[in-house]
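Notes for the one structure printed next.
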Amino acid sequence: MKVAVVGGTGSFGQAVAKRLVEAGIEVVIGSRDAARAREAAEPLGAEGAANEDAVAGADLVVLAVKSDAAVDTARELRGAIGSTPVLSPCAELSFGPSGVKPTPEATSIAERIQAELDAPVAAGLHSLAASNLAEAPADEDALICGDDAAAKELALELAGRLVSGSAVDCGPLASARALEGMTAVIVNVNKRYKAHAGLRVTGL
Ligand SMILES: NC(=O)c1ccc[n+]([C@@H]2O[C@H](COP(=O)([O-])OP(=O)(O)OC[C@H]3O[C@@H](n4cnc5c(N)ncnc54)[C@H](OP(=O)(O)O)[C@@H]3O)[C@@H](O)[C@H]2O)c1
């Protein structure tokens with residue numbers, strides 16, 4: 001499997017890329033700036049390229065860009081991505097005096113990304129903090145959803161390389177609204193308990 005990590009210069013994309021390279025998967029880091037991509041990729045043993053070149057020839061695209069740029073980035077890369085499956089880990093948060101909340105949009109970022117692309121979109125990995133992936137597979141489960149069975153299988157396979165727990169199929173892409181919202185829950189837990197929380201699904 002060859003994985004393109006668009007926005008792989010950020011902390012989450014770097015952590016994902018590091019785990020995948022160590023699992024023997026070919027990784028291309030994408031950036032709006034090809035030189036920045038190459039600089040970020042070199043220490044990981046990955047390739048680096050401009051986003052539109054990084055997605056060409058990939059089997060799976062991880063859209064690891066800043067969440068408020070994710071839908072626009074998907075629109076800009078529509079032609080370059082073509083029919084290649086996309087995994088969105090993006091979640092929007094709203095910070096206020098009472099804590100962190102999900103944003104009030106009715107549809108998930110992943111569904112909005114799906115509306116921009118010809119490719120099937122899966123969503124997941126939202127509950128994996130970059131810091132929990134830094135040194136080894138994270139000691140937690142990875143939750144994935146999607147409407148396209150083949151894209152979801154690829155995303156589950158990738159997720160399984162990132163965690164020591166299970167890669168869990170959470171149903172259709174509509175589940176992304178809940179998975180994205182769960183990020184706010186985890187950030188609030190981390191603040192309250194000064195923790196690096198992750199999720200485990202019991203009873204499987
Ligand atoms: N951080 C975490 O622990 C974590 C955990 C789970 C999920 N996520 C999700 O993963 C995604 C990446 O998280 P992150 O913390 O790595 O984010 P980030 O550092 O804020 O941004 C990642 C990359 O996005 C690109 N970017 C920034 N602004 C952009 C714009 N206007 N247009 C296009 N690209 C832009 C940048 O790459 P270039 O400047 O090189 O193009 C940047 O390095 C987010 O959507 C987040 O919700 C994060």
Select, from Ala58, Ala74, the only residue that is under 21 Å from Ala174 (Cα atoms) and in contact with a strand residue (DSSP E or B) (Cβ under 9 Å, 6 or more places away or on another chain).
Ala74
Filter the range 125-144 down to the residues that are of a type in the set (D, E, K, R) and in contact (Cβ under 8 Å) with a residue 24 or more places away in the chain, then identify the one that is nearest to the ligand (Cβ to nearest atom).
Glu140
Pick from the range 1-17, criterion within 7 Å of the ligand (Cβ to nearest atom) and in a loop (DSSP other than H, G, I, E, B), ranking: nearest to Leu63 (Cα to Cα)
Gly7
Condition first: open to solvent by 40 Å² or more (accessible area, probe 1.4 Å), within 15 Å of the chain's Cα centre (by Cα), more than 8 Å from the ligand (Cβ to nearest atom) and over 24 Å from Ile109 (Cα atoms). Can you find one or more residues in the range 18-29 that meet it?
yes
Of a type in the set (Ser, Thr, Tyr) and either surrounded by fewer than 14 Cβ atoms within 10 Å (Cβ to Cβ) or out of contact with any Asp or Glu (no Cβ under 7 Å at 6 or more places or on another chain) (or both): does that describe Ser11?
yes
Considering the range 145-204 alone, what residues qualify as being of a type in the set (Asp, Glu) and over 16 Å from the mean Cα position of the chain (by Cα)?
Asp147, Asp148
Just need a number here: residues in the range 161-175 that are assigned to a helix (DSSP H, G or I) and over 15 Å from Ala110 (Cβ atoms).
2
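Matching residues to (1) open to solvent by less than 20 Å² (accessible area, probe 1.4 Å); (2) of a type in the set (D, E, K, R); (3) assigned to a loop (DSSP other than H, G, I, E, B):
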| residue | (1), (2), (3) |
| --- | --- |
| Cys90 | yes, no, yes |
| Ile113 | yes, no, no |
| Ala136 | no, no, yes |
| Ile144 | yes, no, no |
| Ala150 | no, no, no |
| Ala159 | yes, no, no |
| Arg177 | no, yes, no |
| Ala195 | no, no, yes |
Selection count where residues are open to solvent by 20 Å² or more (accessible area, probe 1.4 Å), over 12 Å from Val3 (Cα atoms), assigned to a loop (DSSP other than H, G, I, E, B) and of a type outside the set (Val, Ile, Thr), scope the range 31-81:
4
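The values are calculated or read from the model by the stated rules, or taken from the named source; none is laboratory data. What you see is a predicted model; the values in this text were computed from it and never measured. When we count neighbours, we look across all protein chains shown, and the Cβ atoms used for this are built from the backbone with ideal geometry, even at glycine. These accessible areas exclude ligands, DNA and RNA; they are computed on the full protein's heavy atoms, side chains included. Shrake-Rupley method; radii C 1.70, N 1.55, O 1.52, S 1.80 Å.
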